[in-house]
Amino acid sequence: MSGAPDRAPILEVRDAELRFGERVVWHHLSLDVQPGEFVAVLGPNGTGKTSLLRTLLGQHRLRSGTIRVNGHAPRSGDRDLGYIPQQRGMDRDTPMRGRDLVRLGLDGHHWGWRPLRRTDRARIDELIDAVGAREYADSPVGLLSGGEQQRLRVAQALVGQPRILLCDEPLLSLDLHHQRRVAELIDQMRRSRDTAVVFVTHEINPILPYVDRVLYLAGGHHLIGPPREVMTTQSLSRLFGAHIEVVEVGGRLVIVGGDDHPHHHPHVDDADEEHLDAYLPDGRNA
């Protein structure tokens with residue numbers, strides 16, 4: 001972790017509870033995230049991973065507890081936050097080029113277009129190159145594939161140089177090469193700029209070399225700690241209240257047992273698809 005533990009946290013969650021109607025999504029959640037820290041958020045479908053990001057973005061309100069983002073309550077349009085959403089298709093007739101989508105990360109909160117400074121144009125070009133989108137940067141975004149659009153969304157989230165980067169399954173539509181490329185880019189940025197990263201994922205393998213801690217959500221409860229402490233048979237069995245076997249098969253960490261299909265609430269993580277698998281690079285144990 002590049003953030004020093006004795007500094008003030010950039011994100012503070014205190015005894016937080018999120019509900020939708022009578023359903024408790026998670027409760028008694030307390031978490032400090034330091035500048036430059038990389039936190040992976042894992043868990044089954046419907047356990048509130050995406051909802052956590054939406055709460056940090058000011059889109060959901062807590063039932064109780066508090067959240068502070070860089071010293072203030074969550075709010076919409078927060079320039080301290082960068083956000084990479086889950087991949088969504090765009091209308092083929094969207095009147096926007098690839099580079100225009102990236103530019104929204106700089107001035108999308110303003111009405112209308114504003115003249116760009118030379119440094120802004122250079123930053124846009126730099127990130128377009130970094131995510132491998134140069135060849136289609138001037139093409140209409142609606143004609144691009146889902147993976148091509150997602151690479152541009154990654155550049156959009158990074159171009160504003162946020163203090164905290166929220167990632168909601170950003171690697172799903174990318175091939176293995178670009179998964180690694182994007183994961184490395186996010187890691188480089190958080191180390192060079194002390195940007196905290198909160199990364200929701202079902203597959204930990206592409207980011208495992210960079211993860212400082214794991215937040216595992218399940219059944220309204222949670223577990224927080226380094227990967228080698230959280231991703232174990234003993235830890236996950238306690239969390240689920242049932243025997244969960246964590247086994248390594250050919251370098252792949254597989255979680256066996258528990259409720260693979262928990263009750264799904266229509267307001268919680270609608271786009272999630274749970275695979276209850278975590279992967280380890282080069283056959284290493286977590």
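Sort Leu106, Leu52 by Cβ crowding within 10 Å, fewest neighbours at the top.
Leu106, Leu52
Packing-wise, with mean Cβ within 10 Å as the measure, how do 35-48, 206-219 rank, highest first?
In decreasing order of mean packing, 35-48, 206-219 become 35-48, 206-219.
Which whole-Hz couplings ³J(HN,Hα) result when phi for each residue of the range 212-217 is put into the Karplus expression 6.51 cos²θ - 1.76 cosθ + 1.60, θ = phi - 60°, listed in order with x for Gly and Pro?
Each residue of the range 212-217 in turn: 8, 9, 10, 10, 9, 9 Hz.
Roughly how far apart, in whole Å, are the Cα centres of the range 43-99 and the range 189-236?
So the separation of the two Cα centres works out to 18 Å.
What are the ³J(HN,Hα) values, in whole Hz, obtained from phi via the Karplus relation 6.51 cos²θ - 1.76 cosθ + 1.60 with θ = phi - 60°, for each residue of the range 26-33 in sequence order, with x given for Gly and Pro?
Along the range 26-33, the couplings run 8, 8, 6, 8, 10, 7, 10, 10 Hz.
Per residue of the range 7-16, in order, report the coupling 6.51 cos²θ - 1.76 cosθ + 1.60 (Karplus, θ = phi - 60°) as ³J(HN,Hα) in whole Hz, putting x for Gly and Pro.
Values per residue, Gly and Pro as x: 8, 5, x, 7, 9, 10, 10, 10, 6, 7 Hz.
Provide the FRET efficiency to the nearest 0.05 for the Arg63-Ala8 pair, computing r from the beta carbons and using R0 = 30 Å.
0.70
FYI, it's all coordinate maths here, none of it is from the lab. Treat the numbers as computed from the prediction; the structure is a model and nothing was measured. As a convention, Cβ positions derive from the backbone with ideal geometry for all residues, glycine included, and neighbour counts pool all protein chains shown.
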